[in-house]
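Inspection log for the structure reproduced underneath, given as structure tokens.
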Amino acid sequence: MQNQIQAAARRLAECRKLVVLTGAGVSKESGIPTFREAQEGLWAQYDPMEMATQEGYLRNPPLVWRWYEYRFGMVEAAQPNPGHRAIADLEQILPQVTVVTQNIDGLHQVAGSTDVVELHGSIRRFKCLSERHTGFTRADFADQAEIPPHCPRCGDLLRPEVVWFGENLPMDALSRAFDLAETCDAMLVVGTSGAVQPAASLPFLARRAGAVVIDVNTERDEIACVSHIFLQGPGGEVLPALVAVLRVASRGDLG
Ligand code: BJW
């Protein structure tokens, strides 16, 4: 493993434009569950078609709203882990680092990453069903007792500003992510199963465009097949080790 970390660090040391693509696995060590892991993943307990589609929400708005309240409680209580912090530290070493995340928890920003593209939205923001009014925070409906609350501007039902199945990703975030994938020198992929499109296509695009792809995951998932280097282990352990070696490599001391 140490050899692979050194190989990855050597490749990253030459990199001028790095994209870090993250998924639920990067937040697992902060106590936030992943989706597809057997037994402990959210989808082992909850039906994604009921909890993460607009149709499911309309069938039972209080149920879905309460599920997001429960998950928001976990996010509020969570702290960035050493993996998030190592990713933020990359900005001190490399000239350009952008985090493209599928996560809705905001932990990269809390850890100090300054350029974060949120592909699947944020659990901290809300919009009305018609999407005419967006960007609400909890303070905007704190005076409403009803569950779910209604849009303060049009009275429509509110919903979390996250991307459910069958919905388009935010245009700005998606076009930036595609552009970055096609122009980066390296993509560091952390903690995603690569099961959900279009995010899962980004490492393939990056590799086709000539970037080195490095995958950090506890399991050999879809992305491992496209990666040049696979670093197996938890992000909270692998990433600090990688960043420590990269600091040395970027000074040219690694040979
Ligand atoms: C660790 C670790 C540790 C554990 N350290 N690693 C093309 C082909 C087929 C289908 C489609 C297609 N294009 C679109 C689709 C449909 C659909 C899709 O992809 N379906 C597939 C499931 C088949 N995609 C969409 O609907 C998307 N919209 C879209 O494409 O619009 C255009 C369109 C519309 C209509 C028709 C066609 C096109 C939207 C996708 C929205 C996904 N939303 C969710 C919920 C967000 C809100 C919420 O959180 O509540 O996003 S689903 C869920 O999956 C969440 C995640 O962001 C996403 C990805 O999951 P992720 O992050 O990879 O987590 P896991 O659990 O899968 O993996 C965790 C990994 O971590 C594992 O590998 C572990 O081993 C690892 N790990 N501990 C490092 N410590």
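The values are calculated or read from the model by the stated rules, or taken from the named source; none is laboratory data. Predicted, not measured: the structure shown is a model, and the values here were computed from it. Quick reminder, even Gly has a Cβ in these numbers, built from the backbone with ideal geometry, and neighbours come from all protein chains shown. The protein model used for the area step is the full one, side chains on, heavy atoms only, and it has no ligands, DNA or RNA in it. Shrake-Rupley method; radii C 1.70, N 1.55, O 1.52, S 1.80 Å.
Summary of computed values
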| item | result |
| --- | --- |
| FRET efficiency, 1/(1 + (r/R0)^6) with R0 51 Å, evaluated for Cys154 and Ala7 via beta carbons | 0.40 |
| Value of relative contact order over region 169-255, rounded to a whole percent, pairs C-alpha under 8 Å and six or more apart | 23 percent |
| Solvent-accessible heavy-atom area per residue, rounded to whole Å², over the chain at 1.4 Å | 46 Å² |
| Cα centroid separation - region 41-120 against region 166-208, whole Å | 16 Å |
| The chain, helix-only ellipticity at 222 nm - DSSP H runs n ≥ 4, -39,500 (n - 2.57), divided by all residues, nearest 500 | -11000 deg cm²/dmol |
| Cα-based helix-to-principal-axis angle, 171-183 vs the chain, degrees rounded to 10 | 10 degrees |
| Cβ charges +1 (Lys, Arg) and -1 (Asp, Glu), total dipole of region 70-163, debye | 140 debye |
| Listed residues Arg11, Arg159, Arg125, Arg66 arranged by accessible area, highest first, probe 1.4 Å | Arg66, Arg11, Arg125, Arg159 |
| Nearest 10 degrees, 0 to 90: helix 235-249 Cα axis against the chain principal axis | 40 degrees |
| Extension gain (nm, one decimal) between His228 and Glu167, 0.36 nm per residue minus Cα-Cα | 18.8 nm |
| Whole-number percent relative contact order across region 1-154, with pairs defined as alpha carbons under 8 Å at least 6 apart | 21 percent |
| Pairwise label distance in nanometres, Ala142 with Glu69, each label 7 Å out on the Cα-Cβ vector | 1.7 nm |
| Relative contact order, percent, region 27-115 [alpha-carbon distance under 8 Å, six or more residues apart] | 24 percent |
| Portion, in percent, of the accessible area of the chain that falls on carbon or sulfur, probe 1.4 Å | 48 percent |
| Two-site label geometry, Thr114 and Arg208: point separation in nm, points 7 Å out along Cα→Cβ | 3.3 nm |
| Net charge over other residues, Cβ less than 10 angstrom from the Cβ of Gln96 (K, R count +1; D, E count -1) | -1 |
| Formal net charge of residues neighbouring Gln232 (Cβ-Cβ distance under 12 Å; K, R +1; D, E -1) | -3 |
| Gln54 versus Glu182: modelled label distance in nm, points set 7 Å from Cα along the beta carbon direction | 2.8 nm |
